[in-house]
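All of the numbers you see were taken from the coordinates with simple rules; none came from a lab. Computed from a predicted structure; not experimentally measured. In this analysis, Cβ positions are derived from the backbone assuming ideal geometry, glycine residues included, and neighbour counts consider all displayed protein chains.
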Amino acid sequence: MPELPDLEAIQDFILAELTGVAVTEVLVLHPIPIRLPTPGEFGDRLRGQTLQGVRRRGKFLLLDFSAGDTLAVNPMLTGRFQYGATGERRKPRTCFILRLANGHDLRYFDSKLMGKRYLVEQGSEVQIPRWEEMGPEALDPEMTLEIFIRRLRRHPGQLKNILINDTFLAGIGNAYADEILFAAGLYPYRRRVSLTPQETGALYQAMVGVLTDAKAIVAARMGEQIHLKIRDFLKIHGKGGKPCPACGGTISQITANQRITNYCRRCQQ
Ligand SMILES: [Zn+2]
């Protein structure tokens, strides 16, 4: 679930509050399938290490530890992080818990166990499947309109699918793709090849504007409640059936592949 604005706020919280804190115990309750290393090795390697840094790349949160290990977690559609006192009640489907020396837990829960987690040596993130295929960061200062247009040319499909495709740009998911398309006034199922240069420019401006604004809003509200899904301020995503904030018409909702798409038929042509 977390996208660029959410992950940046989580990153800021962990950096400010947990840098230098040691992991005293690791519990693996629901191993998220597939990933490296085995649950036993995962715990053995992390126990006793101190958290030294946090990074974000695309939809991965990367925790760097003192012995040179990096824990990379991509929560996909259904995963979330949680921080709280060790005795605090666990969320359903808590997958793993890093018990910390400050009496708190850093936890990860995932209702459909869709997320991915890897423990790799710092600097060896390329071992993570598809890592190198990830496109540049959506808010990278070097992501100019010219580069945006150049990257867009490789993707002939529908606009929403392109925005959530992390080989195009990294960090945008389902919710913010809807918001960006609404801000740009573009129908989510429009094909990229049909865009005029003005529409392409509007899409770029909408992407930068929506993500920048959302980062500030989420950062101001999240704090240690890193499990929160702060989405009530969004204009269109999650608002199916409600009035469009621009024209008052009813917001449409289409569900496909477990993804909800919301848009306004009048405002988004
Ligand atoms: Zn509208």
Gain on full stretching of the segment that runs from Leu36 to Thr78 - 0.36 nm per residue minus C-alpha separation:
13.2 nm
Step through the residues of segment 249-261 one at a time and calculate ³J(HN,Hα) from phi using the Karplus curve (6.51 cos²θ - 1.76 cosθ + 1.60, θ = phi - 60°), rounding each to whole Hz and writing x for Gly and Pro.
x, 7, 6, 7, 9, 10, 10, 8, 6, 6, 10, 8, 10
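Exposure proxy check: Arg57, Arg191 ranked by fewest other beta carbons within 10 Å?
Values: Arg57 18, Arg191 14.
The fewest-first ordering by Cβ neighbours comes to Arg191, Arg57.
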Given labels modelled 7 Å from the Cα in the Cβ direction, how far is it in nm from Val126 to Glu142?
1.7
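What whole-number volume per residue, in cubic angstrom, does the convex hull of the C-alpha atoms of the chain give?
Expressed per residue, the convex hull around the Cα atoms of the chain is 126 Å³.
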How far apart, in nanometres, would the label points at Asn165 and Ala202 be if each is projected 7 angstrom from Cα along the Cα-to-Cβ direction?
2.2
If each residue of separation counts as 0.36 nm, what is the full-extension length gain between Arg221 and Thr250 once their alpha-carbon separation is subtracted?
7.6 nm
What is the calculated FRET efficiency for Ala101 to Asp44, with r their C-beta to C-beta distance and R₀ = 22 Å, to the nearest 0.05?
0.80
Hey, how many Å between the Cα centroid of segment 123-168 and the Cα centroid of segment 1-70?
24
What helix-only [θ] at 222 nm does the chain give? Using -39500 (n - 2.57) per DSSP H run of at least 4, over all residues, to the nearest 500, the answer is -8500 deg cm²/dmol
Around Glu142: net Lys/Arg minus Asp/Glu count, Cβ-Cβ under 13 Å:
-1
